[in-house]
Amino acid sequence: MSRRRGTSVEVEATVSVARLVADLGVRLQGRGSQREALCPFHPAGQDPRPRLTIDLSSNRWSCPSCAPEGASVVELVAKAEAISRTHAAAKLK
(Lines give C-alpha, C1' and ligand atoms only; values in the text may rest on other atoms or scores of the structure.)
Protein backbone atom coordinates (compact mmCIF):
# COMPACT_ATOMS: atom_id res chain seq x y z
CA MET A 1 0.00 0.00 0.00
CA SER A 2 1.39 3.39 -0.94
CA ARG A 3 1.94 6.11 1.62
CA ARG A 4 -0.69 8.32 -0.05
CA ARG A 5 -3.39 5.63 0.04
CA GLY A 6 -2.49 4.79 3.65
CA THR A 7 -2.99 8.44 4.62
CA SER A 8 -6.46 8.49 3.02
CA VAL A 9 -7.51 5.31 4.78
CA GLU A 10 -6.21 6.64 8.13
CA VAL A 11 -8.10 9.91 7.73
CA GLU A 12 -11.30 8.21 6.61
CA ALA A 13 -11.19 6.01 9.70
CA THR A 14 -10.58 8.84 12.18
CA VAL A 15 -12.46 11.91 10.88
CA SER A 16 -16.25 11.89 11.24
CA VAL A 17 -18.03 12.94 8.06
CA ALA A 18 -21.09 13.96 10.13
CA ARG A 19 -19.02 16.24 12.34
CA LEU A 20 -17.24 17.75 9.35
CA VAL A 21 -20.56 18.46 7.58
CA ALA A 22 -21.95 20.01 10.78
CA ASP A 23 -18.77 22.13 11.06
CA LEU A 24 -19.56 23.45 7.57
CA GLY A 25 -22.77 24.86 9.06
CA VAL A 26 -25.10 22.22 7.67
CA ARG A 27 -27.95 21.22 9.99
CA LEU A 28 -28.25 17.43 10.16
CA GLN A 29 -31.51 15.64 10.93
CA GLY A 30 -32.33 12.02 11.60
CA ARG A 31 -32.02 9.17 14.02
CA GLY A 32 -30.16 5.91 14.21
CA SER A 33 -27.30 5.46 11.79
CA GLN A 34 -28.60 7.86 9.09
CA ARG A 35 -28.55 11.66 8.92
CA GLU A 36 -29.99 13.91 6.20
CA ALA A 37 -29.45 17.54 5.29
CA LEU A 38 -29.62 19.97 2.43
CA CYS A 39 -26.55 19.33 0.30
CA PRO A 40 -24.10 22.23 0.69
CA PHE A 41 -22.97 21.82 -2.92
CA HIS A 42 -26.30 22.95 -4.43
CA PRO A 43 -27.25 26.65 -4.70
CA ALA A 44 -29.62 27.84 -1.96
CA GLY A 45 -33.24 27.30 -2.89
CA GLN A 46 -32.43 24.97 -5.78
CA ASP A 47 -33.82 21.90 -4.01
CA PRO A 48 -35.46 22.34 -0.58
CA ARG A 49 -35.62 18.59 0.11
CA PRO A 50 -32.86 16.91 2.12
CA ARG A 51 -30.50 15.46 -0.46
CA LEU A 52 -27.31 14.79 1.48
CA THR A 53 -27.39 11.49 3.35
CA ILE A 54 -24.76 10.45 5.87
CA ASP A 55 -24.36 6.85 6.96
CA LEU A 56 -22.77 7.00 10.40
CA SER A 57 -21.91 3.29 10.45
CA SER A 58 -19.81 3.49 7.27
CA ASN A 59 -18.73 7.16 7.74
CA ARG A 60 -19.74 7.94 4.14
CA TRP A 61 -22.00 10.55 2.54
CA SER A 62 -24.04 10.55 -0.62
CA CYS A 63 -26.11 12.91 -2.73
CA PRO A 64 -28.01 11.84 -5.86
CA SER A 65 -26.29 14.60 -7.85
CA CYS A 66 -22.85 14.96 -6.21
CA ALA A 67 -21.94 11.47 -5.02
CA PRO A 68 -24.60 8.92 -5.96
CA GLU A 69 -22.43 5.95 -4.99
CA GLY A 70 -21.32 7.46 -1.69
CA ALA A 71 -18.08 9.21 -0.85
CA SER A 72 -15.59 9.57 1.96
CA VAL A 73 -14.68 12.47 4.21
CA VAL A 74 -11.61 13.06 2.01
CA GLU A 75 -13.82 13.44 -1.06
CA LEU A 76 -16.09 15.81 0.86
CA VAL A 77 -13.21 18.16 1.69
CA ALA A 78 -11.80 17.87 -1.84
CA LYS A 79 -15.17 18.92 -3.28
CA ALA A 80 -15.85 21.64 -0.70
CA GLU A 81 -12.47 23.28 -1.18
CA ALA A 82 -11.90 22.39 -4.87
CA ILE A 83 -8.63 20.61 -4.09
CA SER A 84 -7.26 17.16 -4.92
CA ARG A 85 -7.92 14.10 -2.78
CA THR A 86 -4.22 14.06 -1.88
CA HIS A 87 -4.35 17.64 -0.59
CA ALA A 88 -7.65 17.00 1.22
CA ALA A 89 -6.21 13.95 3.00
CA ALA A 90 -3.12 15.92 4.01
CA LYS A 91 -5.28 18.78 5.28
CA LEU A 92 -7.38 16.42 7.42
CA LYS A 93 -4.43 14.51 8.84
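The values are calculated or read from the model by the stated rules, or taken from the named source; none is laboratory data. Model, not experiment: these values are computed from the prediction. Note: accessible area is taken over every heavy atom of the protein model, side chains too, but ligands, DNA and RNA are not part of it. Shrake-Rupley method; radii C 1.70, N 1.55, O 1.52, S 1.80 Å.
Stokes-Einstein at 37 °C, 0.692 mPa s, Kirkwood radius from Cα pairs: D for the stretch 1-86 in µm² s⁻¹? It comes out at roughly 247 µm²/s.
Computed over protein heavy atoms with a 1.4 Å probe, the accessible surface of the chain works out to 63 Å² per residue. Helical content of the chain, expressed as a calculated mean residue ellipticity at 222 nm, amounts to -11000 deg cm²/dmol (DSSP H runs of 4 or more residues, -39,500 (n - 2.57) each, divided by residue number, nearest 500).
Computed on the chain, with alpha-carbon pairs under 8 angstrom and 6+ residues apart, the relative contact order is 27 percent. Normalising the Debye intensity of the stretch 17-64 to I(0), with uniform scatterers on Cα atoms only, and taking log10 at q = 0.13, 0.22, 0.25 Å⁻¹ returns -0.25, -0.71, -0.91.
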